[in-house]
Structure formats: C-alpha cells, structure tokens
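Student: Before I ask anything, let me first share the structure, which is written out below as structure tokens.
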Amino acid sequence: MPSGPTPGIHDLSFATTEFVLPHTALAAHNGAEIGKYHVGIGQRAMSVPALDEDIVTLGAAAAAPVLARHGTDRIRTVLFATESSIDQAKSAGVYVHALLGLPSAARVVELKQACYSATAALQFATALVHRDPAQRVLVIAADTSKYALGSPGEATQGAAAVAMLIGSDPALVRIEEPSGLYTADVMDFWRPNYRDAALVDGKKSVTAYLRAVEGAWTDYREQGGRALDEFGAFCYHQPFTRMAYKAHRHLLDVVGRDADRDEIAGAVGPTTTYNAVVGNSYTASLYLGLAALLDQVDDLTGRPVGFLSYGSGSVAEFFAGTVSPGYREHLRTGAHREAVERRRPLDYAGYRALHEWSFPTDGGDHPTPAQTGGPFRLAALRDHQRVYETR
Ligand code: CAA
C-alpha cells in the first residue's frame, strides 16, 4: 500500500422498510414463548418490505441523504453488496446510480458472499481511495432476509440498507490495517437461484460463525493486529442480536479470558439497538451495529472499534477502525431513529400476505400497489424489467 492518509467511513446512513412485524405477533400466531424471541435470540421486531420496496429502493433511500450532504462529483465507484439480488446479470447498483443521478463516469458493480460482501466492498473501497485520495467510493449494503414461513429462521428475518461514503479524510471511522481473514467451505446457509427464501442449517450456522470468529481473530493477531484490551467496543454481524453476545463470549474464551457477563454486555450491547428491531439485514447488519454504537455511546473519539464480519458459506474478516475526532457532528441519529419509528406495524395476516406474494413470471405488465412512503418505489415489473419511480 502507498503511504498517505488512512481512508475510512466519511458518512453513514441507513434506511429500512415501510412495515414492521413485532415478535409478539409472530409468537401469538405460532405459540412460541415470547421470551425465546426477546431474550433467547434478542429480537423484538423485524422490518418487512412493502410490495413496492426491494434492495434498490432501500439502497437508494439510504444513499440519497449522503449524496445530498456531500454531492456526487468525487464518486467514481459504486459498490453494491447484497445476497438478495434481483437479477443474475445486472448490478442493483446500476439502478441506484440512475435513481440518484450519479455521474456517468463511474464504475458500478455488485458483490456477493452472503452477509460478508459489504466488508469486501469497504476494503476494496479503501484500496481505491489509497490509490487516489481525491476520489470517494459509495458503498451500499442492502438486503431483505426471507426464510420459509414456520421455519426456525422465520423469527430472524428483516430488511435494511446502509450507505457509506468512503474517503481519504473520514469524518467517522478510519479503517486500519491489518485484517484477519478466514474462509471455509461450509453449507450452513445458502439460497439456490430458483428460491427466494434462504435455506439454513441453523445450529450448524451458529457453530460455523463461532469457528470463523476464532479463525479471523487468530489471523488478525498473526498479522500484527491490536490486542483485545485496546478495543473500546466490538461490532459483530448480527443475524439476531444474541449472536453478538455469543461471538464475543467465544472470542474471550479464545484469548483465555473469563467471560464476564457485564464485560460482554458493555462491549457489544450498544451495537444491538437497531438490529433488535430491524432484524437480519444480512450485508447491512454489521454496519447497522456501527450506526447504533456511534449514535448511542457518548464519546468514542480516538477509540479503536473491532469489527467481525461473517458471511455464511463461509468468509469472515476481523479488522479495526478508529473513531475520528469530531465524529458526533456528522452523525444521523435523528434520521436513523425516524427510519425505525416511522414503520407501520403489521398483524400476522398482513405479514403473511406480503411474505407469500411474488411477481408473475410471464413477462406481462404487473404494476405494484403503492404501499411505501419512501422516496423511491418499485412501480412495476414490465416485459421482465423492473420499473422504478422517484417521488
Ligand atoms: N426464554 C428465554 N430464552 C429462551 C426461551 C425462553 N422462553 N426459549 C428458548 N430460549 C433460548 C434457547 O435456550 C436458545 O438459547 P441458546 O442459543 O443460548 O441455546 C435460544 O432461545 C434459541 O432457541 P432455540 O435454539 O430453541 O431456537 P431455534 O432452534 O428455533 O432457532 C436459530 C434458533 C437456529 C438461530 C434459528 O433462528 C435460525 O435458524 N436462524 C437463521 C440462521 C442464523 O441466523 N444463523 C446465525 C449464524 S449464520 C449467520 O450469521 C449468517 C446469517 O446472517 C444467516
């Protein structure tokens, strides 16, 4: 790497869906004890997309405030990370590029490796900014998480998008080297091309995640990374928020430390607030954790934060970011809370109707009902093409 300024996250904004299903409604339907959801997996509600919302509308809604604040001139790359892709060939980022009026002199690609790919995008973006510090890269992570009705994974659905502007003088978080890396071929969670709901071996996936935490951390230390005690907080990928606690407990075990309940809660608790009510947003989940941490903790200036990104299949990365001086002036705490609070609650029947709906595949003209109040909507599927609208 050439020497120079340390790139990182200059701005971060998230968006979520029109609807929300409280776990009380799911428990009332399936007879589960609510403690299993509220305590056992640490989830209180899940975001549910309207029929006219998808990863493109969510990604554009997350990115629009970032571009309104910083303009588009310096953005020559858009990296769109997702595992709920809407097309096998065309990047969802190209639709977002058009909706947001980004310059034509730009490269736009989609990245996939389950929930991990936003971290790949972040790392690729920092490398591009190292190469040319005048440029900025727009990273968008957007996912809608869908499991079969009645399956164990159902309670861990959710949806959201995070947009991050990566630049050479980051106002929020500087991304450090080194990274700890880990890849293992595991069938813990996957989605064949012909399915819209993921398949998962739940228990195996939890074990695979913990093994990946250990592998990524071990490599991080071997690469010369910081000692555990240097970190002010830890952001983990959160398929459900209790997983962050399990992961941190495992990390403490790995380094030979007694796992103190309060220490674990202090290290990861503040990162779980948005994920607990949004649910699993796959690629966006880790960075929703960062948003919650920055929005809630009084002052993290100069503190290193540990990030553990996990994507089933599986790939993991552990890396550190240092919080920039003055970061609190650049947060979007009010907008983030509004994104969560504006959602309209569904009852079980309403949720089920949205879950079961899918577009006909006959190539006809299929307009969607106008359900979302967001700035962008999927207006129709026409001639096998997705048609988007800006409000
Ligand atoms: N009060 C308090 N706690 C309760 C309870 C009650 N009334 N009832 C049950 N619990 C606890 C259980 O003891 C259990 O705790 P532990 O995990 O500490 O043992 C917890 O609630 C969950 O209960 P079960 O294990 O019985 O739940 P389950 O088998 O129905 O499903 C799951 C759990 C396997 C995680 C399931 O939600 C699932 O398959 N989720 C999707 C896969 C997933 O999220 N995997 C995570 C790792 S993979 C990854 O991270 C990638 C990704 O994004 C998918």
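The values are calculated or read from the model by the stated rules, or taken from the named source; none is laboratory data. Just so it is clear, the structure is predicted and the values come from calculations on it, not from any experiment. Glycine also receives a Cβ, built like all others from the backbone with ideal geometry; neighbour counts cover every protein chain displayed.
Student: When Ser179 is evaluated against the numbered criteria (1) among the hydroxyl-bearing types (Ser, Thr, Tyr); (2) surrounded by fewer than 23 Cβ atoms within 10 Å (Cβ to Cβ); (3) within 16 Å of the ligand (Cβ to nearest atom), which criterion, by number, is the only one it fails?
Tutor: Ser179 satisfies every listed condition except (3).
Student: Determine which member of the set Leu12, Leu99, Leu26, Leu58 is touching a Leu at 6+ places or on another chain (Cβ under 9 Å) and at pLDDT 95 or above.
Tutor: Leu12
Student: Any residue in the stretch 307-321 that's over 11 Å from Ser179 (Cβ atoms) and within 14 Å of the ligand (Cβ to nearest atom): show its pairings with residues that are assigned to a loop (DSSP other than H, G, I, E, B) and not aromatic (Phe, Trp, Tyr) at Cβ separation under 6 Å, as long as the two are six or more apart or on different chains.
Tutor: Partner pairs satisfying both residue conditions: Tyr310/His237; Gly311/Ala114; Ser312/Ala114; Ser312/Asp188; Gly313/Ala114; Ser314/Ala184; Ser314/Val186.
Student: When the stretch 218-237 is examined, which residues are found to be away from the ligand (no atom under 15 Å from the Cβ) and assigned to a loop (DSSP other than H, G, I, E, B)?
Tutor: Listed by number, the residues that qualify are Gln223, Gly224, Gly225, Arg226, Ala227, Phe231, Gly232.
Student: I'm told Val254 meets every condition in (1) at pLDDT 95 or above; (2) more than 21 Å from Thr207 (Cβ to Cβ) except one. Can you identify the failing condition by its number?
Tutor: The single condition Val254 does not satisfy is (2).
Student: Next up: So, of the residues in the stretch 322-333 that are in contact (Cβ under 8 Å) with a residue 60 or more places away in the chain and among the polar types (S, T, N, Q), which turns out to be farthest from Gly224 (Cα to Cα)?
Tutor: Across the stretch 322-333, the extreme among qualifying residues is Ser324.
Student: Only one residue in Ala208, Ala198 is modelled with pLDDT under 95 and within 9 Å of the ligand (Cβ to nearest atom). Which one?
Tutor: Within the list Ala208, Ala198, the selection yields Ala198.
Student: Quick check: is even one residue across the stretch 265-282 within 16 Å of the ligand (Cβ to nearest atom) and surrounded by fewer than 19 Cβ atoms within 10 Å (Cβ to Cβ)?
Tutor: yes
Student: Could I ask something else about it? Quick one: is Leu286 of a type outside the set (Gly, Ala, Ser), crowded, with 16+ Cβ neighbours inside 10 Å and more than 28 Å from Leu111 (Cα to Cα)?
Tutor: no
Student: Additional query: Only one of Val173, Val162, Val129 is β-branched (Val, Ile, Thr), at pLDDT 95 or above and within 15 Å of the ligand (Cβ to nearest atom). Can you tell me which?
Tutor: The conditions single out Val162.
Student: Could you name every one of the strands (runs of 3 or more DSSP E) located completely within the stretch 1-113 that has at least 3 residues being in contact (Cβ under 8 Å) with a residue 60 or more places away in the chain?
Tutor: The strands (runs of 3 or more DSSP E) meeting that bar are 8-16, 19-22, 45-48, 75-81.
Student: If Phe240 passes every condition in (1) more than 15 Å from the ligand (Cβ to nearest atom); (2) more than 19 Å from Val297 (Cβ to Cβ); (3) aromatic (Phe, Trp, Tyr) but one, which one does it miss?
Tutor: (1)
Student: Can I ask one more? Looking only at residues that are surrounded by 16 or more Cβ atoms within 10 Å (Cβ to Cβ) and out of contact with any Phe, Trp or Tyr (no Cβ under 8 Å at 6 or more places or on another chain) in the stretch 247-264, which one is nearest to Tyr209 (Cα to Cα)?
Tutor: So the residue we want is His250.
Student: Of the residues Val186, Val255, which is of a type in the set (Val, Ile, Thr), more than 24 Å from Ile34 (Cα to Cα) and more than 10 Å from the ligand (Cβ to nearest atom)?
Tutor: Val255
Student: Scanning for something out of contact with any Ser or Thr (no Cβ under 9 Å at 6 or more places or on another chain), under 25 Å from Val206 (Cβ atoms) and among the small types (Gly, Ala, Ser), does the stretch 3-18 turn up at least one residue?
Tutor: no
Student: Quick check on my filter: what residues within the stretch 196-221 are polar (S, T, N, Q) and closer than 29 Å to Ser358 by Cβ?
Tutor: Ser205
Student: Given the criterion within 16 Å of the ligand (Cβ to nearest atom) and farther than 20 Å from Tyr37 by Cα, identify the matching residue among Gly215, Gly289.
Tutor: Just a single option satisfies the conditions, and that option is Gly215.
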